[in-house]
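Take a look at the structure set out below.
The values are calculated or read from the model by the stated rules, or taken from the named source; none is laboratory data. None of the values given here were measured: they were computed from a predicted structure. Heads up, the Cβs are rebuilt from the backbone with ideal geometry, glycines too, and the neighbour counts pull from every protein chain shown.
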Amino acid sequence: MPVLRRTDVVFPKARAGDLRIPPLALTDGRADPEWVELSYHVITPVPRPALRIPLDPEAAARARRFNRLGPLLGVLLVLSLAGVLVALGKVGPGDGPYLPLVLFPTILGSLVSGLRPKQKPTPVPGGFVRISHVDAVVAQHWMALNPGVVRILYEGIPIRRYKPMVYRLLGVAFLALTAALIAVLLFVDSDMAAHAFFAIPVAGLTALAFLLQGAGSTYLAAELESPPSTEDSPAP
């Protein structure tokens, strides 16, 4: 079995305030880390709820920059969506040089998102919080200091609320809906065809999202509700 260098730690969100966090950088295990408060929120680093975590100096500097610029992400997302709507003629005049209106906030938002540290706490199904890309030795310290609370998982394997088959069935259903909408677009000459034109990419992307969620290894949120033992090791 290969030696794990990076892994993920998961713990109940309700127990975050009780965690005993070792003074070791999550990134490389150094014993003189810099502590940074990071929010659980995915898009914007709202001050609360948040977790104070140890990082190496370089990662800590990036995390502080993200904390300063992260609130712009919500604004940039709204501007980007507004630009798309205007460009499609759904809002305001239908002609004009709207490409920069769409691209500028999108590119700027991507640059800001790039500052988000890999170790940013993230809420996952079942009322848990996951911290990814943690040094494997440091993760063992987390579990040893918080027996019955912290669990170690393989890095990158998602946590789902339902079994993979549920997502696969939903994906197939939306694929069937996409096929039906394409048939309407091709063979029905009415206002319904115009609506189908805009609904096809939505249904297709939804099908793809569900099929991807049902692919590969998965942790079930219900399985994480049982307390882990200090003997636990990552398992897909």
* To do: Could you please tell me which pairs satisfy a Cβ distance under 8 Å, a separation of 6+ or placement on different chains, a first residue in the range 9-36 that is on the phi < 0 side of the Ramachandran plot, and a second residue that is of a type in the set (Lys, Arg) and surrounded by 14 or more Cβ atoms within 10 Å (Cβ to Cβ)?
  => Val9/Arg130; Val9/Arg151; Val10/Arg130; Val10/Arg151; Phe11/Arg151; Leu24/Arg30; Val36/Arg64
* To do: Return yes when Pro147 is surrounded by fewer than 20 Cβ atoms within 10 Å (Cβ to Cβ) and either closer than 30 Å to Gly70 by Cβ or touching a strand residue (DSSP E or B) at 6+ places or on another chain (Cβ under 6 Å) (or both) and no when it is not.
  => no
* Of all residues in the range 182-223, count the ones that are assigned to a loop (DSSP other than H, G, I, E, B) and either out of contact with any helix residue (DSSP H, G or I) (no Cβ under 7 Å at 6 or more places or on another chain) or modelled with pLDDT of 75 or more (or both). => 7
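Just name the residue that is nearest to the chain's Cα centre (by Cα) out of those in the range 10-27 that are closer than 8 Å to Val129 by Cβ and in a helix (DSSP H, G or I).
Here is the first cut: in the range 10-27, the ones closer than 8 Å to Val129 by Cβ are 10-13, 16.
With in a helix (DSSP H, G or I) added as a condition, the list becomes 13, 16.
On the way: Lys13: 16, Ala16: 19 Å.
Among them, the one singled out is Lys13.
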* Asked: Are any residues in the range 125-159 touching a Phe, Trp or Tyr at 6+ places or on another chain (Cβ under 9 Å) and of a type in the set (Val, Ile, Thr), and if so, which ones?
  -> Val129, Ile131, Val134, Val149, Val150, Ile152, Ile157, Ile159
* **Answer residue from the range 109-128, given it is closer than 16 Å to Glu37 by Cα and not β-branched (Val, Ile, Thr) and is surrounded by the most Cβ atoms within 10 Å (Cβ to Cβ) among those** => Gln119
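Just to be sure I understand, how many residues within the range 125-158 are in contact (Cβ under 8 Å) with a residue 24 or more places away in the chain and outside any strand (DSSP E or B)? So that I can check it myself, show each step before the final result.
Going through the range 125-158, the residues in contact (Cβ under 8 Å) with a residue 24 or more places away in the chain turn out to be 125-139, 141-158.
The next check asks that each one be outside any strand (DSSP E or B); those that pass are 125-127, 136-139, 141-150, 154-158.
Within the range 125-158, residues that are in contact (Cβ under 8 Å) with a residue 24 or more places away in the chain and outside any strand (DSSP E or B) number 22.
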* Consider Ser132 carefully, then state whether it is at pLDDT below 80 and among the small types (Gly, Ala, Ser). => no
* Look at the range 105-124 and say how many of its residues are modelled with pLDDT under 80 and touching a helix residue (DSSP H, G or I) at 6+ places or on another chain (Cβ under 8 Å). => 8
* **Among (1) within 24 Å of Leu26 (Cα to Cα); (2) touching a Leu at 6+ places or on another chain (Cβ under 6 Å) - the single one Gly171 does not satisfy** => (1)
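On the basis of being surrounded by 16 or more Cβ atoms within 10 Å (Cβ to Cβ), in contact (Cβ under 8 Å) with a residue 12 or more places away in the chain and basic (Lys, Arg), does Arg161 make the cut?
No: the conditions fail for Arg161.
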* Conditions (1) surrounded by fewer than 15 Cβ atoms within 10 Å (Cβ to Cβ); (2) part of a helix (DSSP H, G or I); number of the one not met by Tyr167 -> (1)
* Could you say whether any residue in the range 129-136 is among the charged types (D, E, K, R) and surrounded by fewer than 18 Cβ atoms within 10 Å (Cβ to Cβ)? -> no
